[in-house]
Structures are given as C-alpha cells and as structure tokens.
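I have placed the structure first, in the form of structure tokens, so that the comments after it can refer back to it.
The values are calculated or read from the model by the stated rules, or taken from the named source; none is laboratory data. Treat the numbers as computed from the prediction; the structure is a model and nothing was measured. Note: ideal-geometry Cβ built from the backbone for every residue, glycine included; neighbour counts use all protein chains shown. The area values use the complete protein model at the heavy-atom level, side chains included, leaving out ligands, DNA and RNA. Shrake-Rupley method; radii C 1.70, N 1.55, O 1.52, S 1.80 Å.
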Amino acid sequence: MEPTGERFPEQRQVLILLLLLEVALAGWEPRRYSVMEETERGSFVANMANDLGLGVGELAERGARVVSEDNEQGLQLDLQTGQLILNEKLDREKLCGPTEPCIMHFQVLLKKPLEIFRAELLVRDINDHSPEFPEREMTLKIPETSSLGTVFPLKKARDLDVGSNNVQNYNISPNSHFHVSTRIQGDGRKYPELVLDTELDREEQAELRLTLTAVDGGSPPRSGTVQILILVLDVNDNAPEFAQALYEVQVSENSPIGSLVVKVSARDLDTGPNGEISYSISYSSQEINEPFELSSLSGEIRLIKKLDFETISSYDLDIEASDGGGLSGKCSVSVKVLDVNDNFPELSISSLTSPIPENSPETEVALFRIRDRDSGENGKMICSIQDGVPFKLKPSVENFYRLVTEGALDRETRAQYNITITITDLGTPRLKTEHSITVRVSDVNDNAPAFTQTSYTLFVRENNSPALHIGSVSATDRDSGTNAQVTYSLLPPQDPHLPLASLVSINTDNGHLFALRSLDYETLQEFEFRVGATDRGSPELSSEALVRVLVLDANDNSPFVLYPMQNGSAPCTELVPRAAEPGYLVTKVVAVDGDSGQNAWLSYQLLKATEPGLFRVWAHNGEVRTARLLSERDAAKHRLVVLVKDNGEPPRSATATLHLLLVDGFSQPYLPLPEAAPAQAQADSLTVYLVVALASVSSLFLLSVLLFVAVRLCRRSRAASVGRCSVPEGPFPGHLVDVSGTGTLSQSYQYEVCLTGGSESNDFKFLKPILPNILSQDSRRKSEFLE
C-alpha cells in the first residue's frame, strides 16, 4: 500500500526527534571525502572497508549499503572490494547551485548488527561554465554634462561556477572616454561599473558602442561579452534615489500567486521626462526560475510562481530605477521564504522479513527510516503503530526504526497481521503519513492431532461380512500444510490375548475402521483397543483415543432342550398317578438359548399328544400339568411333543418328546390336595411376567453349564435297565440339580441326572422330578412297579 498522508487526532505514539542523529553518532565523527564534479561513473572515491575497520567479506555479511539523505543514487558501495565508487556523473551546479561548499551527506548502513556511519562527499567545482550577461546588449544614456569620474553601474555577468571559477574581473574594449572598474559588495559579488574618463560632447559623438568582457578565474579562464550602446543626452543632473538601499522582507511559502511581496520606491528631483522613473530587475539570484514580477511603474513586486522553502529558502534581487534622462539608481531586495508545514512525513523501507516463524522470540520484522522535509517544529515527528497487535517500534539511530515482535506469535490464533505505521509531525496543522505492512506467520508443528472424541463406541451385528465398515475415528490438527496431515494407526492392545490384527483394520488416511472377519456374539461380546493419530511434521506429534466395539446379538441359535434329553437314548418315563387332580404338575421341559435379549426369550406349547385335552403345557415356564381328572378309560401310556420357540426374528424352535405312564398305587398323601390346586394356579400365573421369565432362563443357563462340567468329569457307565439309570461314581451326589421356585418353576424340584449307557458321547439326562415330601417307601413302590 502506498503511504498516504492525512490529518488525525493523537494516538499512542513513540516520540522520536530528528536530533537523535547527534546522540546516536556522538562517538563517530563523519568522514569527508571529495571528488571533482563531472567525474566519470565508476570512479574510485574511497575504500570504505579500511575506513570502517572491516574486512571486505564483512561488508557483505553485514548487509552494507549506502543511504543518502534524498535517496539519490549517486554513490555505490562495491561489496566485493569495499570501495566507494560513483554511480553517476555529479553536477555540482545541479546539486548545490550557488551554495559553496557543495556537500553530499550520506550514511553507510550495516544491518547485522545495525550500525550507521555518517560521511560527507565534497563535490569540488570545475570551470565548466562561462560567464553570461542577462542581455545581449545594454543601453546607457549618459548626459553630456557628466563630470569626469562619474560611475555608471552595469549589469553583472552570471557564472554558475563558484569560487575562483566565478567571474573575477571585467574589461572593456579600448576607447577614449571610459574604463571599467569592478566593485565588490559585502556578499562577495562583483559588479562592473563604467567610469567616465573624458568629457562627452553630444555634438561631436552622439553614441558610442563598447564591448564589455567578463572573465572568470578558471584555468583556462572562460569569458563572456555584451555590447554596450552609450547614448549621449542633454543635461539631466539628478539620478533617481531609492528610499532604502536594502529591502528585507519575509514571505510564507504558501503565499498565493499574485500576492504582494514588497513595494520599492525611488524619487528623482528632475522634472518632466527626466523625472519620470521606471523600475526593472537588474539582477536576480534565480534568474532561470524567477518567481517574482516587478511592476515598472509602481515598483510592486508580486509572486508569479509558488514558493517552496525546501527548494529555495531565500532570494536576492537588485532593482534599478531609471529616469527619462538616462540616470538610474539601485537598491537590493532580500526575500526570506518562511517555512510552513506543507510536507507530509516520508517513510522508506530498508528491509522487510515476511513470513516469520511462529513461536519465535523477539524478531525483527522491518527496518525503515522516516523523514520530514520541513524544518523546525514542522520537521519533528512522532512514529507509532496501532494498538492491539503483538508488535512494537524500537527507535534506532539516524531516524531509523525497527519493527519487532513483542513475543512469540501463534499462527493458529492469527496467521496474518496488517501493521499500520503512522508518522505525524508536530507542525500546525499536524500532517501524518500511514504505511501498511502485511506480516504473515509461518507454521511450526506445535499442535498434536486431536480426536473429536476421547472414546468411541461402535456397534456391529454378529455374523457380519468380512471387510465391513463398522465406523470411523476422526482427528484434526490446528497446524497447516504437512504439519496438519494426519495418519491413523492401531496401537498395540493392552490385552495380549486379544487378536486385534485379525479383528479390525484402519484406513491410515481417513480413519475408517473395518471388521476383518465375521464376529460371533456368543464368543466375543465386546473388545477395546486404542487408535493413534500422528501428523507429518518434524518432529511428529501424536495422540490416541479409545475405541470400544460392541457386538450385537443376532438370532442364530435355536433353543436347546436340557430336559428331557433328546439324544436318542432310551427315554425316561414320567409316572402320573391316576388320582391326580387337574393342574397336577407332571414334569417340566427345561430349555436354554445361546442368544441374548429377546432372542433368548422362550415360549412353550404342546405340539402333539396321544390324547389331546388330557395334558397342557404352560407357555412361559414349560410346566406340563394335567388338564382334567384322569379316568380308568384313559390310556396308560402317553407321548407328548412340546415345541420350544424363541422370540427372535425370524424365530427358531426345538421340540422335546415326553413319555408319560399313568399308574395306580401312589399314596394319596403324596398327591396335591384339592384346595392347593387354586393356590398353585395362582402362583403359576406370576410366571407370565417378563422379569420372572428372564430370571428363570438365566438360572437354567447357569444350571446347564454346571451340568456340562459334571458330564465331562463323570465316567461313562451303562444303564442297569430301561427305566432306570445308574448314578456314576465320583464327586457327584445322587441328586445333582436343585431348581428352586425362583426360576420358571412354581415350586422347588429336584432332578436325578445320569449318563446314558448307550450314548457315544458324554451327554446327561434329567430323569424325573422328585417331589419334596415323598418318602423312601414310595420310591421303592415305584421301583417295584417298574420292575
């Protein structure tokens, strides 16, 4: 952005005065070098490396460069040789005009570390300009009665050179009436004067033509000539006289065009044409760019061009008043231009560093210099930056400032800053310049990847297809570029027995998780592992998250009937007394399901019966009870097929076959009392509740596990008879299973368990329930009946 100037209210500012130059460089006086003007480009000026006490290589290492006051490129520092050479021809007259001596101020800037050395280059004048008169011909009107020795002022020649190369003397062509003398004023300027040596006689010679020559002091000398026409007049014995010999005025540089600068006034004691005065400018210090206009009649001097204090601060004029008779008088006018605050402060960047790495300590961002072309208070400046940015200005030497960071920057908080440098002068009104610098912050790998969750829970239904996408993890990195590219991986499991590599895999680019094989809920219900996220920065940073995989059950297991055993061995027959009342508990079908939840909820129903209507099966607990009173006409042997079905979708089922034998001979005391039947039915109705059913299934499942363990520990033995089973020897008691009424059974029952003799596997059977209060003699009766 280009610097712009405007007026503004005071802000937080760092006051720095231009007088810092004297303080900063008090220990190193400026060196002065000299060179003749018009010296060829590339000419040697000085060996700066020796003068600065540095090696040639140090100049390049420290970023040496030449900086001039007006950013002129007249000098160049050769970093390879350490020599200061001319970058262009220097014209002393263009650089300094009439000012003598002509000195160019420059500085040698060393950046690392920052040092500045002042120096001056004296541009010496050569005689490259000839004297020039303002006119090709001057006309003098001289009365014939002029006395001997009368002096007639002439217009001086102007030579752009200075010193001895300027005009040194004047001479005039040979004649019998005049000679020329040179008058030196207080400011050192030399004016030619024509001196009358012999009397004039208009009747004898009315006019004379002479040649005036101005010669400078150069070697070789240069000269310029002008023709002088002398008209001999009749008597006019009074020359005009100015009221003041010197007029001193002050004019503000912002004065409008046409404004009055000063009015000069002269009077002539003669009358008539000899007393009529006209004014003219006989000399101006700036003839080429004259900003003034003189009224020949009134003597008023007005502006015809804008003044600029920073270009020319003063003007000197010579005003000549001439009467009609040819006599003239002179006065001098000195115009001092007053400075006004019309120049905005200037800023030039010497170095700029962008981007800068984040987390770096105090870092130099820019080195710049400020300047105001005004003088006095108008040239004093204040430099500041806006609030709310982590940067500060550090004043240096020679009006240089360093823009540095206040501390470490964080790219993730802010990646770019727009710094506005404001320079305000102390003039009235105050002027300011603003310059914007864009500073970008480069990334450093200082942020580890962060997962969106500390733990993830994924659900997958068992029997899934291999390579199934089961979920994703995601991590983000606040850094940028390769520092923000995240790679995912599986971390070694904490459980060494978990075959994680064969269970899941992860896509390293996007964090997608896949099941490598089909999962079985009945084998593995859940497992945990950790995943890592690593960026590609240097050094690498990483984080981890916990992933928990829950396997959802599917209805892939059919109910398994624990009792009665359905292994193809000789079936056990249940005995039913003919005197049994309706609702008499004959037996109970016990089954379990390897699934869970509603897939393991079992229901029972009577599928087939020898005599329908005689027995019924309770749907929720599998109890087989009599449906009515038994009679002598009922068959003695009955075969029931009970269907066991789970609640899955689709449902799975199994069947159990029961063999019942109606017998006589059970003592009446051991039969259920008639009044107990309603109470029993009322108790059985509680099993319809789902909570009781779940508890029953859980109890039966634990029971089946215990029984399977018992089967593996028992030895095989042959059955002694078809209707009876022998209990194997070993640690098992005669009554192995005790199912309490807290499960699906309404009462407490005990079952005899044995291994079947004809089975090739170690399967076990529930033979028959034993009523809690049956005496040992009743057991013997049943045994005798079976025999």
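Points worth noting:
- Listed by chain and number, the aspartates and glutamates whose C-alpha is less than 17 Å from the C-alpha of LYS306, apart from same-chain residues fewer than 8 away, are GLU253, GLU287, GLU290, GLU293, ASP316, ASP339, ASP342, ASP374.
- For region 27-124, the carbon plus sulfur part of the accessible surface works out to 45%, probe radius 1.4 Å.
- Solvent exposure of region 560-663 amounts to 41 Å² per residue of accessible area, where only protein heavy atoms count and the probe is 1.4 Å.
- Gain upon complete extension [GLN485, ARG633; 0.36 nm per residue less C-alpha separation]: 44.5 nm
- Between GLU406 and GLU135, the simple label model (points 7 Å from Cα in the Cβ direction) yields a spacing of 7.2 nm.
- Fully extended contour minus Cα-Cα distance, from ASP495 to GLU193, at 0.36 nm per residue: 96.7 nm
- Taking 16 Å as the cut-off, the amide N atoms of region 463-497 that come nearer than this to a point 7 Å along the Cα-to-beta-carbon line of GLU528 belong to 491-497.
- Carbon and sulfur %, accessible surface of region 346-442 computed with the full protein complex present, 1.4 Å: 46 percent
- Counting only protein heavy atoms and a 1.4 Å probe, region 450-552 has 53 square angstrom of accessible area per residue.
- For region 27-124, the antiparallel share of DSSP beta bridges with both residues in that region comes to about 75%.
- Fraction of accessible area attributable to carbon and sulfur, region 241-338 (%, probe 1.4 Å): 47 percent
- Pairwise FRET efficiency - LEU694 versus GLN605, Cβ, R0 = 22 Å, nearest 0.05: 0.70
- FRET efficiency, 1/(1 + (r/R0)^6) with R0 22 Å, evaluated for SER296 and ASP128 via beta carbons: 0.05
- Length gained on full extension, GLU310 to THR452: 44.5 nm, using 0.36 nm per residue less the C-alpha separation.
- At R0 = 35 Å, FRET efficiency that the Cβ-Cβ distance of HIS512 and ARG414 yields, to 0.05: 0.55
- Modelled spin-label separation between ASP664 and ASP201, with each label point placed 7 Å from Cα along the Cα-to-Cβ direction: 20.6 nm.
- When each of LYS305/LYS380; LYS112/LYS432; LYS588/LYS645 is checked by Cα-Cα distance, pairs over 22 Å: LYS305/LYS380; LYS112/LYS432
- For region 137-233, the solvent-accessible area works out to 47 Å² per residue, with a probe of 1.4 Å and every protein chain left in place.
- Here's the list of lysines a cross-link from LYS111 could span, going by alpha-carbon distance under 20 Å and ignoring same-chain residues fewer than 8 apart: LYS392, LYS394.
- Each Cα pair under 8 Å and six or more residues apart adds its separation to the average, and for region 450-552 the resulting relative contact order is 39 percent.
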